[in-house]
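**Q** There's a structure below that I have some questions on.
The values are calculated or read from the model by the stated rules, or taken from the named source; none is laboratory data. Fair warning: this is a prediction, and the values are worked out from it, not measured in the lab. Here Cβ is always computed from backbone atoms with ideal geometry, including for glycine, and neighbour counts include all displayed protein chains. Quick note on the areas: whole protein, heavy atoms, side chains included, nothing else; ligands and nucleic acids left out. Shrake-Rupley method; radii C 1.70, N 1.55, O 1.52, S 1.80 Å.
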Amino acid sequence: MASLSTSISKGLLHSPELREYMLETVVYPREPELLKEIRLITSNHPRCLMATAPEAGQLIALLLKLTNAKKTIEIGVFTGYSLVLTALTIPDDGKIIAIDIDRDAYEMGLPIIKKANIEHKINFIQSSALSALDELLNKNDNRGSFDFAFIDADKVSYQKYHERMLELVKVGGIIVYDNTLWFGTVAMPEECVKETMKPNRQHIIEFNKFLAADTRVQISQVPIGDGITICWRL
Ligand SMILES: C[S@@+](CC[C@H](N)C(=O)[O-])C[C@H]1O[C@@H](n2cnc3c(N)ncnc32)[C@H](O)[C@@H]1O
Ligand SMILES: O=c1cc(-c2ccc(O)cc2)oc2c(O)c(O)ccc12
């Protein structure tokens, strides 16, 4: 049997063929051309694996539509797959605050944002997420004002982001966390996990336990992409 630690790829389904089936049958036929272009541009980035999985993106778009989300926030933009997906999905007068420390990656996707005519919806903040969130919280108008949040940055800070999101997202709003199954390693014996994966595996294990006990949100963990956890703010 191949070592568990070497079988690292996007998608947690029990075979790559099953994921391919899902992508080819349901996801890619409905994926906007501009998102395909973002994927193409991102494939030239050495860390292209970080982009949100298209099948998780499709679920996020559905949640945005179901909740009529208008004011949204994203932590972890990279080249903009989830950002463009959100901007294409919310209404023309919707807004996204998009936070990332890395402006270069954001600028790789910027031509697509301009081409899609969605730049007016986006407020990109180049900053460490915690300080940007604390600044937002200093302004009372921001509290309880967001319909939707997507968190996809440093896994070590997820609990800190969660506390701030609970202040920023309205009751009835949605917070989605990416990578909550961390390539399936959360369920592997530690000795089978590649050393480089261990720190984030540990952060995610702790975060999952914390969320499971958090009565301020109703949750569901969905084994799509790298695992996403959907929280409904109670
Ligand atoms: C997994 S990628 C985001 C992928 C993106 N959602 C997409 O669809 O392509 C994580 C991003 O988080 C950013 N990041 C990591 N730590 C951060 C921090 N403390 N504050 C802000 N951004 C951070 C990285 O620069 C990186 O671009
Ligand atoms: O391989 C990764 C790494 C990250 C990551 C690591 C450290 C940070 O400070 C931020 C992000 O995130 C990933 C991710 O979100 C993903 O979907 C796949 C792979 C990775």
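**Q** So, taking all protein chains as they sit and a 1.4 Å probe, how much accessible area belongs to Asp102, in Å² rounded to tens?
**A** 60 Å²
**Q** What order do Tyr21, Tyr28, Tyr161 take when sorted by accessible area (1.4 Å probe), most exposed first?
**A** Ranking Tyr21, Tyr28, Tyr161 by accessible area, largest first, yields Tyr21, Tyr28, Tyr161.
**Q** Which order do the peptides 168-176, 77-85 come out in when sorted by mean C-beta neighbours inside 10 angstrom, highest first?
**A** Packing order, densest peptide first, comes out as 77-85, 168-176.
**Q** On to the next question. Please list Val26, Val193 in order of solvent-accessible area, largest first, computed with a 1.4 Å probe with all protein chains present.
**A** Descending accessible area places them as Val26, Val193.
**Q** Mind ranking Val27, Val222 by accessible surface for me, highest first, 1.4 Å probe?
**A** Putting Val27, Val222 in descending order of accessible area: Val222, Val27.
**Q** In whole angstrom, note down how far apart the Cα centers of the range 33-66 and the range 203-234 are.
**A** 21 Å
**Q** Treat each spin label as a single point 7 Å out from the Cα along the C-beta direction, and report the Leu110 to Leu88 distance in nm.
**A** Those two pseudo-labels are separated by 2.1 nm.
**Q** Using only helices, what value at 222 nm comes out for the chain when you add -39,500 (n - 2.57) per DSSP H run of length 4 or more and divide by the total residues, to the nearest 500 deg cm²/dmol?
**A** -11500 deg cm²/dmol
**Q** If I stretch the segment between Asn117 and Asp134 completely, what's the gain in nm (0.36 nm per residue apart, minus their alpha carbon distance), one decimal?
**A** 3.1 nm
**Q** About its Cα centre, what dipole magnitude does the range 174-234 give when the only charges are +1 on Lys and Arg Cβ and -1 on Asp and Glu Cβ, stated in debye to the nearest 20?
**A** 200 debye
**Q** May I pose another question? For q = 0.12, 0.19, 0.20 Å⁻¹, what log10 I(q)/I(0) does the range 107-233 give under the Debye formula with an equal point scatterer on each alpha carbon and no solvent?
**A** Relative scattering, expressed as log10 I(q)/I(0), comes to -0.54, -1.13, -1.19.
**Q** Additional query: Using a ≥ b ≥ c from the Cα gyration tensor of the range 26-73 (square roots of the eigenvalues), is it rounded, prolate or oblate, where a/c under 1.5 gives rounded and otherwise the larger of a/b and b/c decides, a/b for prolate?
**A** Judged from the Cα gyration tensor, the range 26-73 comes out prolate (a/c at least 1.5, a/b above b/c).
**Q** Give me the 1.4 Å probe accessible area per residue for the chain, excluding ligands and nucleic acids, in Å².
**A** 49 Å²
**Q** Less than 12 Å Cβ to Cβ from Asp102, Lys/Arg counted +1 and Asp/Glu -1: what total charge do the surrounding residues give?
**A** Local charge sum for Asp102: -2.
**Q** I need the calculated FRET efficiency for the pair Glu17 and Glu190, taking r as the beta carbon distance and R₀ as 22 Å, to the nearest 0.05.
**A** Computed FRET efficiency for Glu17 and Glu190 comes out at 0.15.
**Q** On a full-extension model of 0.36 nm per residue, what is the gain between Cys48 and Val222, subtracting their alpha-carbon distance, rounded to one decimal in nm?
**A** Using 0.36 nm per residue and subtracting the Cα-Cα distance, I get 60.4 nm.
**Q** So, one more: Give the separation of the Cα centroids, the range 117-158 to the range 71-103, in Å.
**A** Here the answer is 10 Å between Cα centres.
**Q** Once you have a ≥ b ≥ c as the square roots of the Cα gyration tensor eigenvalues for the range 64-125, tell me rounded if a/c is under 1.5, and otherwise prolate or oblate according to whether a/b is larger than b/c.
**A** Prolate.
**Q** Another one. How long are the three semi-axes of the equivalent ellipsoid for the range 1-146, computed from the Cα gyration tensor as the root of 5 times each eigenvalue, in whole Å, largest first?
**A** 28, 18, 16
**Q** Need one number: nm distance between label points at Lys65 and Lys170, each 7 Å from Cα along Cα→Cβ, rounded to one decimal.
**A** Output for this residue pair reads 2.1 nm.
**Q** Right, next: Towards the positive end of the charge dipole of the range 124-234, with charges on Cβ (+1 Lys, Arg; -1 Asp, Glu), say which of Ser131, Ile230, Thr185 has the farthest Cα.
**A** Working it through, the farthest residue towards the positive pole turns out to be Ile230.
**Q** Tell me, in nm to one decimal, what length is gained between Asp214 and Tyr28 on full extension, where the rule is 0.36 nm per residue of separation less the Cα-Cα distance?
**A** Taking 0.36 nm per residue and subtracting the Cα distance, the gain is 63.4 nm.
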